Amino acid sequence: MVEEVLFKSEHSQSREAIASYLRDVADKLDAGEAITLSAGDQSVTMEPPAQPTFEVKAEREGPADGDGELSIELEIEWTEGAENGGSGGELSVE
């Protein structure tokens, strides 16, 4: 299996800016619209199906006895041409 990166952007921004970006993505998902990601000269448009798989992961990366890097990863995935993703337990944010 080959992984092809279609778009990538990584830079520091305020929590408020990140929240605004996530709201924009959420609004597109809610409306059933395509999502266009763009930064600089990069751009990609994707159309998630009605039931994609949503993966949420919290990670700590680094030495076991010292400070590490913490991350929250949110991933929406689907098979091209598929209408539904996987199933799992109910997800909530507290």
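Kindly check whether there is at least one residue in segment 72-82 that is surrounded by 10 or more Cβ atoms within 10 Å (Cβ to Cβ), at pLDDT below 90 and either in a loop (DSSP other than H, G, I, E, B) or touching a Gly at 6+ places or on another chain (Cβ under 7 Å) (or both). Yes, segment 72-82 contains at least one residue that is surrounded by 10 or more Cβ atoms within 10 Å (Cβ to Cβ), at pLDDT below 90 and either in a loop (DSSP other than H, G, I, E, B) or touching a Gly at 6+ places or on another chain (Cβ under 7 Å) (or both). Candidates in segment 11-40 are the residues that are among the polar types (S, T, N, Q) and outside any loop (DSSP other than H, G, I, E, B); of these, the one that is nearest to Leu74 (Cα to Cα) is Ser20.
The values are calculated or read from the model by the stated rules, or taken from the named source; none is laboratory data. Note that the coordinates shown come from a computational prediction; the quantities given were computed from them, not determined experimentally. All Cβ positions, glycine included, derive from the backbone under ideal geometry; neighbour counts span all protein chains shown.
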